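Data block below; observations after.
The values are calculated or read from the model by the stated rules, or taken from the named source; none is laboratory data. What you see is a predicted model; the values in this text were computed from it and never measured. All Cβ positions, glycine included, derive from the backbone under ideal geometry; neighbour counts span all protein chains shown. Please note that ligands, DNA and RNA were not included when accessible areas were found on the heavy atoms of the full protein model with its side chains. Shrake-Rupley method; radii C 1.70, N 1.55, O 1.52, S 1.80 Å.
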Amino acid sequence: MMKKRLFIISNRLPLTIETTDNNVTMRQSSGGLISAITTYLKGSGKEFFSEKIWAGVPGCTEKIWDIANNEHSPADYNYLPVFMKSKMYELYYNGFSNSLLWPLFHYFPSFAEYHSSYFDAYMEANRSFADILSKQVRNEDFVWIHDYHLLPLAGMLREKFPKLTIGFFLHIPFPSYEIFRVIPKQWQREILTGMLGADLIGFHTVDYSSHFLSCVEMALKTGHDGQHISWENRQIKVDAFPISIDFDLFNNAYDNTKVEAIRKTYLKLKKDKKLLFSVDRLDYTKGLYNRLKGFKKFLLANPEYHGKVVFALVVVPSRDSIRKYAERKKIIDEFIGNLNSTLGTINWQPIIYQYNHLDFEQLIALYTTCDVALITPLRDGMNLVSKEFVASRKDKQGVLILSEMAGAARELTEALLINPNDTDEIAEMIKQGFEMEKKEQEERITAMQERISRYDVNAWAGDFLSQLKEVKDVQLGFEIKFLDNFSKARLLENYSAAQKRLILLDYDGTLVPFSKDPLSATPGNKVLELLDLLSREEQNTVYIVSGRDSVTLEKWLGHLPVGLIAEHGAKIRHPNGSWENETAGNESDWMGRIEKQMDKFVSKCPHSFIEKKDFSIAWHYRNADLTEGMIRAKELYEELFNGTTHLPLNVLNGNKVIEVRNKGVNKGAAIEKLTMSSYDFVLCIGDDKTDEDMFVKLARMTEAYTIKVGNEASFAKYNLHSPYLVHSLLESMSIIPKKDSWAAGEIKSAL
Ligand code: GDG
């Protein structure tokens with residue numbers, strides 16, 4: 001297998017560049033993402049990529065970059081720096097990314113700032129990424145884009161590279177539509193269509209992915225099947241990939257000699273006191289204020305713990321040029337000062353507060369010295385600190401108190417889960433944590449460690465990249481192949497040369513556009529003329545294969561020498577013949593009951609209606625609100641499906657319709673009876689899911705042309721955009737001169 005190149009794209013390059021008077025140094029930084037991807041690429045992913053290129057903003061001038069990169073570039077990746085003007089970067093990063101997307105996606109809509117200058121800079125910054133990448137990327141490469149700073153980038157790259165394999169992963173929550181919709185509509189579109197440029201879109205949890213799907217549905221009016229979206233000729237997959245950590249790194253760090261030494265010092269300082277520990281960036285999403293209030297409540301409710309407990313609170317400076325962050329710092333500082341001065345004594349300070357970064361060894365020493373880790377975000381995409389704490393406890397001791405608003409809570413179910421807004425609950429859990437038996441601590445930590453070690457960072461990156469490859473392979477296999485002029489010429493050539501031709505045409509959505517009112521979808525003169533011309537051709541047999549009832553088909557098309565297949569095959573009228581029933585005729589046994597069930601849904605779902613045919617009954621929701629219709633359709637489908645398992649009935653989930661009919665009645669079975677093998681040319685065109693049964697039946701006939709109308713993936717060999725193009729194809733066929741074969745020039749003139 002030829003190795004591909006992998007491009008990883010994040011806002012910042014994973015590098016720290018420092019300049020002193022005469023010296024520039026560059027080293028790889030140690031964030032969660034870099035360690036995740038590097039661990040995977042050095043381990044199980046080693047074989048897959050020929051070259052790894054990381055693109056992002058370097059955080060220095062071009063001049064410094066040139067010096068640093070020439071002399072000190074770390075070897076794991078080739079780096080592709082994206083330079084931007086500092087004003088633009090400010091508006092894109094501190095503005096749109098961190099003052100609109102970050103608060104909004106973490107459910108702080110009142111903190112969000114809407115400025116068009118932010119949005120313009122955000123789009124421009126993404127275009128800078130796209131421009132730089134366009135000079136390097138080739139269609140056969142893999143591109144993996146990360147996080148909320150780069151939501152539109154996949155779409156921008158897709159415009160230039162239609163075949164490129166693009167994955168996108170969001171590290172923060174994706175909010176529900178009720179939150180997302182507050183963004184101006186044009187911005188919503190740019191964000192969503194940008195994300196849909198990717199082939200695989202990953203989130204931490206299924207909640208976030210289902211929020212994304214419903215935003216696509218509501219804002220772009222585009223449906224999905226719960227995991228896939230058909231968008232611009234591609235099938236996109238949306239899935240959850242809970243990010244993890246390098247379990248072994250944290251677990252083995254317990255025995256690291258430097259960590260042991262620091263732990264010894266901390267244990268000495270701690271003596272017999274209980275130690276509560278937390279570490280996070282200074283961010284309003286992390287729930288620091290509520291955490292402190294919970295701790296205060298615990299102290300007030302449990303005076304016996306005074307002097308016997310210490311809370312080590314480490315806060316890492318972050319985004320301090322944004323007003324909301326600076327304000328937060330002031331509130332936290334004041335609360336801590338107040339609590340220490342009112343509840344503390346000369347001999348005891350309840351909170352030890354560090355507003356600074358810790359070394360890795362100090363971090364592990366604190367993880368492994370504390371009795372309880374208190375992690376209380378109001379919202380958090382995942383939260384790696386909680387996983388790191390669990391992994392580093394090789395001693396299988398310690399208690400994790402974790403907010404149920406963190407993505408990690410879905411996996412770390414043996415933690416003491418709290419609602420971060422309920423400070424009484426936080427206080428209670430601190431007590432419970434301090435008093436938990438060692439055996440219970442061990443059981444809980446062991447269960448969580450097992451889970452984290454199984455889906456560790458290697459598994460996360462491997463899972464994402466292998467699914468990305470699979471999605472692309474499926475896309476290629478399922479590629480929408482439009483009937484281009486070359487294929488159309490071949491079809492016409494085969495048509496012309498054939499002695500006996502079968503033409504199978506669906507009606508609604510194929511010969512006439514899909515209409516809101518089924519009764520108004522009468523065939524126009526053009527359709528009637530084309531059908532007349534084709535069916536009068538001696539070598540041709542034409543059938544209209546429809547879900548409609550026989551009365552309507554007879555009324556609209558009965559005067560033509562075509563065959564009519566009604567109700568998906570329940571009734572057939574061969575050309576110049578009369579109607580024949582093809583079903584068991586037991587409809588009176590079940591139809592009344594099904595109608596009653598459907599009727600309830602007509603009441604519940606405004607603008608939906610029932611269509612009763614001779615052999616089947618259908619509930620249509622094409623005129624209903626899209627979301628409501630889809631929800632009700634799912635409900636009705638399940639109700640009917642479960643209620644008919646013992647009956648010889650099929651419940652069909654069609655295009656905005658749920659239909660019930662006798663088993664074995666479908667368009668595929670209907671056309672099977674037409675002795676297709678006696679034809680040397682078969683053309684079958686349809687737009688609906690029910691037409692797939694015909695496409696499947698014809699898949700093995702090499703001389704059969706199957707065409708799906710619309711842009712969705714299908715079992716058909718070709719796609720055509722619209723009924724208008726179907727007319728044009730039928731017209732080309734109808735004017736073909738009568739002779740055995742064609743000269744190429746004549747075919748061209750028919751196109
Ligand atoms: C975003 C999402 C999602 C923190 N302080 C120190 C230190 N850290 C390290 C931790 C951990 C990382 O930083 C923080 O990761 P989190 O996941 O907790 O939070 P965010 O930074 O907000 O990350 C989050 C994550 O992306 C990954 O997708 O989980 O939800 O918001 O690794 O250890 N490391 C050291 N000293 C510190 O003082 N050495």
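A few remarks follow.
- Antiparallel bridges, percent of DSSP beta bridges restricted to the chain (to nearest 5): 30
- Derived scalar couplings ³J(HN,Hα) [the range 602-612; Karplus, 6.51 cos²θ - 1.76 cosθ + 1.60; whole Hz; x for Gly, Pro]: 5, 5, 6, 10, x, 6, 8, 8, 9, 10, 9
- Classified by the C-alpha gyration tensor, the range 19-102 has an oblate form. Its axis ratio a/c, with a ≥ b ≥ c, is 1.5 or above, and a/b does not exceed b/c.
- At a probe radius of 1.4 angstrom, the accessible area of the range 250-454 per residue rounds to 44 square angstrom.
- Rounded tilt (10° steps) of 457-477 against the dominant C-alpha axis of the chain: 20
- Centroid-to-centroid separation of the range 550-591 and the range 640-716 [C-alpha atoms, Å]: 16
- Dipole in debye (nearest 20) - the chain, about Cα centre, beta carbon charges: Lys, Arg +1; Asp, Glu -1: 980
- Protein-only accessible surface order, largest first, of C60, C370 at 1.4 Å: C60, C370
- Computed [θ] at 222 nm, deg cm²/dmol, the chain (DSSP H ≥ 4; -39,500 (n - 2.57); rounded to nearest 500): -13000 deg cm²/dmol
- Take each peptide in 410-417, 284-291, count the other Cβ atoms within 10 Å of every residue, and average; sorted highest first, the result is 284-291, 410-417.
- For the range 250-454, taking Cα atoms only, Rg and Dmax work out to 16.0, 47 Å respectively.
- Across the range 233-296, Cα-Cα distances exceeding 18 Å account for 68% of all pairs.
- Measuring nothing but protein heavy atoms, the accessible surface of the chain at 1.4 Å probe radius is 50 percent carbon and sulfur.
- Counting only alpha carbon atoms, the long axis of helix 438-454 and the longest principal axis of the chain meet at about 50°.
- Radius 14 Å from Cβ of R632, net charge of other residues (Lys, Arg +1; Asp, Glu -1): -1
- Qualifying trypsin sites (Lys or Arg not before Pro) in the range 153-247, DSSP loop, other Cβ atoms within 10 Å at most 15: K163, R181, K221
- For the range 613-740, the equivalent ellipsoid derived from the alpha-carbon gyration tensor has semi-axes of 32, 19, 12 Å in decreasing order.
- Alpha-carbon Debye profile of the chain, log10 I(q)/I(0) at 0.09, 0.11 Å⁻¹: -0.94, -1.18
- Rg(Cα)/(2.2 N^0.38 Å) for the range 18-160, N = residue count: 1.16
- Partner lysines for K85 [C-alpha distance under 18 Å; skip if fewer than 8 residues away on the same chain]: K63
- Near the amide H of D687, within less than 5 Å, lie the amide hydrogens of V709, all on another chain or at least 5 residues away, with H placed in the peptide plane.
- Whole-Hz couplings from phi, Karplus 6.51/-1.76/1.60, listed for the range 42-54; x for Gly and Pro: 8, x, 5, x, 4, 6, 7, 10, 7, 8, 10, 10, 10
- Crossing angle, helix 723-734 versus the chain [Cα axis fit, 0-90 degrees, rounded to tens]: 40
- Share of Cα-Cα pairs in the range 587-662 lying beyond 20 Å, as whole percent: 20
- Whole-number accessible area per residue in Å² for the range 587-662, which is evaluated in the context of all protein chains at 1.4 Å: 47
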